[in-house]
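Right, one structure below, let's go through it.
The values are calculated or read from the model by the stated rules, or taken from the named source; none is laboratory data. As the structure is a computational prediction, the values presented were derived from the model and not from experiment. We place every Cβ from the backbone using ideal geometry, glycine too, and count neighbours over all the protein chains shown. For accessibility, only protein heavy atoms count, side chains too; no ligands or nucleic acids. Shrake-Rupley method; radii C 1.70, N 1.55, O 1.52, S 1.80 Å.
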Amino acid sequence: MSTTNYTMKRSDLNRCWLSWMQHCACGYNYAKMMGSGVAHVMRIPLSKFYDTKEEQGREMEKHLTFFNTEPHIGSMIIGTVIAMEEDRSHGEPIEAEDITKIKSSLMGPFAGIGDSLIQGAFVPIFLSIGVSMGLQGNLLGPILFALVCCGVCLAGSHYLFFQGYKLGKEAITKIMSSGIFQQIMAGAGIVGCTVMGALAATTVTTGLVFEITAGESVINVQSTLLDAVFLGIIPLVIIALIMKAFNKGKKPTAVLFVTLIISFVLGALGIIG
Amino acid sequence: MTVWQAVLIGLYHYVINCKYFILTQGQFVLGRPLISGLAVGIIMGRPVEGLIIGANINLVYLGWMDVGGMRATDPAVAGTLGTALALASNASPEEAIVLGSILGVVANFGYTLWMSVNSLFVPQMEKCALKANWSGMKFWYIVPSQVIFYLLYGLTITLACLLGAEPVANVLENLPEWITNGFNAVAVTLPAVGICLNLKSIMNKYTVSFFILGFICAIYFNMNMIVLAILAAIAAVIAIFGVGIPARKGESE
């Protein structure tokens, strides 16, 4: 076995991070999901650590497995795997299965945290702010959203990648169980729900449009009766109904179409608007 | 719409959403209809109108998520093609929401197809990988999937822009009043789905009160969204660290 005893430089690691962000999903497929992307990252360190093509190919075999996670938070796993490969090439007793095990045991939890934090809370909070500005034709809305979210996604994944490389697998497991992600999620949940509430109030403006004739007088049900009780009572009822459908496990597409059809029919009949 | 505008819109869609160019953060950031509405508006020479249409289409996709390659609809196509067709046919924002929602559901089949076809090239790629033939590995992973992505999305969107603008305009021009009323009702109701999709992942029995708080602040006090987000962040600090906040710096750490 001829290893080069090479230690990754900062520029090599930057290249690996770039390769991960670029390749993790550009050929996303049902066979290996992001596993193919991992292979693309690992070509960089493996070709540094081992001299011959045979050894590089042999070491690559363990990276041709199924892998799927959230790319930004998950870049930490890739950093750790590179550190483990480096130690392995330096002769430390790390088996190929150890590396495979770390990948397969961390990808699920990282996907869960990453998806709910980034797609579920972080992006929607800033998107809501951007959309509420965009609805009024304010060009700063999309620009603010793009700068903040692109910046945080890229800088965050870069930081986590280097942390993963530096800290190694013990530290990752420690961070995962320390509860810091739970605290961040709880905070994001509070901010997210508040912003969503405000957005619901400004965008879901469904109301009753028909009028009742009672003898001589014409009563507008919405403005004279419902609005006096609570502004936006109908939007809240609609949201409660949709949440109930989701909690029962109905598919988003089904809910989307049922809502579309019901509101269209009621609107066409002149009941809501 | 000129041919060049249609080609540019198709190319824009490809570059932003193909996942190869990391600066765009495709499905996470720049692929959202809010951004593509503005971009398509710029291409068509009507930036502000495009932005307003894009923002309206985006209402349905606020809580949109792609978990493990499983997604319900395709907001990116709703944003680019929806805005392009809406601008070309002078549709109202209400009509654009309906148009975008339908396009998003239809276009999503393309994504499933793309991921399935990509699987066909994996064996070739892995053969190269085991021989440490890096350029071969890159070729089989990147080139076929990117070419297919362009054909499926870039080219198709260009063609849809060119061929779809007129029929859509014709349909919208002759809408009877009851259909317009139906569209208006959809436009004010459908954003609830986007909001609930997001609430599904962040709301629990405690944070539901913050949802009500945000709702009341906006509907009764017309509060600015950024101010409200900052206040909510303060509330979050209190809720999470409340009892544990030290009186002075360095205490009880």
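Brief remarks follow.
- Scan of segment B:113-127 for residues that are within 9 Å of chain A (Cβ to nearest Cβ) and either open to solvent by 20 Å² or more (accessible area, probe 1.4 Å) or part of a loop (DSSP other than H, G, I, E, B) (or both), ordered by number: B:116, B:117, B:119, B:120, B:121, B:123, B:126
- Against the criterion of being more than 10 Å from chain B (Cβ to nearest Cβ), at positive phi and open to solvent by less than 80 Å² (accessible area, probe 1.4 Å), residue A:179 qualifies.
This table checks each residue for (1) within 14 Å of the chain's Cα centre (by Cα); (2) more than 9 Å from chain B (Cβ to nearest Cβ).
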position: A:100; (1), (2): no, yes
position: A:106; (1), (2): no, yes
position: A:121; (1), (2): yes, no
position: A:126; (1), (2): yes, no
position: A:134; (1), (2): no, no
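- Screening residue A:68 against (1) within 21 Å of the chain's Cα centre (by Cα); (2) without any contact (Cβ under 8 Å) to a residue 24 or more places away in the chain leaves a single unmet condition, (2).
- Which numbered condition residue B:204 fails, given (1) of a type in the set (S, T, N, Q); (2) over 30 Å from residue A:248 (Cα atoms); (3) outside any helix (DSSP H, G or I): (2)
- Residues in segment B:139-159 that are surrounded by 15 or more Cβ atoms within 10 Å (Cβ to Cβ), more than 7 Å from chain A (Cβ to nearest Cβ) and more than 20 Å from the chain's Cα centre (by Cα): B:139, B:140, B:144, B:148.
- Exclusive hit being assigned by TED's automatic domain parsing to the domain that holds residue A:73, at pLDDT 85 or above and surrounded by 18 or more Cβ atoms within 10 Å (Cβ to Cβ), set A:102, A:129, A:125: A:102
- Among the residues making up segment A:24-50, those that are more than 7 Å from chain B (Cβ to nearest Cβ) and part of a loop (DSSP other than H, G, I, E, B) are A:24, A:34.
- The set of residues in segment A:139-160 that are more than 8 Å from chain B (Cβ to nearest Cβ), over 20 Å from residue A:190 (Cβ atoms) and free of Cβ contacts under 8 Å to residues at least 40 places away in the same chain comprises A:140, A:143, A:144, A:147, A:151, A:155, A:159.
- The condition (being in a helix (DSSP H, G or I), assigned by TED's automatic domain parsing to the domain that holds residue B:51 and either within 22 Å of residue B:71 (Cα to Cα) or touching a Leu at 6+ places or on another chain (Cβ under 8 Å) (or both)) is satisfied by just one residue among B:163, B:172, B:159, B:103: B:103.
- Residues of segment B:210-231 that are more than 7 Å from chain A (Cβ to nearest Cβ) and more than 21 Å from residue A:227 (Cα to Cα): B:224, B:227, B:230, B:231.
- Taken over segment B:39-57, residues that are under 24 Å from residue B:184 (Cα atoms) and open to solvent by 40 Å² or more (accessible area, probe 1.4 Å) amount to 5.
To keep it simple, each residue is scored yes or no on (1) in contact with a strand residue (DSSP E or B) (Cβ under 7 Å, 6 or more places away or on another chain); (2) more than 8 Å from chain B (Cβ to nearest Cβ); (3) open to solvent by less than 40 Å² (accessible area, probe 1.4 Å); (4) in a helix (DSSP H, G or I).
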position	(1), (2), (3), (4)
A:183	no, no, no, yes
A:189	no, no, yes, yes
A:192	no, no, yes, yes
A:198	no, no, yes, yes
A:222	yes, yes, yes, yes
A:225	no, yes, no, yes
A:228	no, yes, no, yes
A:231	no, no, no, no
A:243	no, no, yes, yes
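- Candidate set: segment B:92-112, residues that are among the β-branched types (Val, Ile, Thr) and closer than 21 Å to residue A:260 by Cβ; chosen: the one surrounded by the fewest Cβ atoms within 10 Å (Cβ to Cβ): B:106
- So residue A:218, is it modelled with pLDDT of 90 or more, closer than 30 Å to residue B:187 by Cα and loosely packed, with under 15 Cβ neighbours inside 10 Å: no
- Among the numbered conditions (1) part of a helix (DSSP H, G or I); (2) at pLDDT below 90; (3) open to solvent by less than 60 Å² (accessible area, probe 1.4 Å), the only one that residue A:97 does not meet is (3).
- Residue A:266 vs. criteria open to solvent by less than 50 Å² (accessible area, probe 1.4 Å) and in a helix (DSSP H, G or I): no
- Of all residues in segment A:9-47 being surrounded by fewer than 20 Cβ atoms within 10 Å (Cβ to Cβ) and over 29 Å from residue B:120 (Cα atoms), the one that is nearest to the chain's Cα centre (by Cα): A:14
- Against the list (1) assigned to a helix (DSSP H, G or I); (2) over 16 Å from residue B:149 (Cβ atoms), the condition residue A:5 fails is (1).
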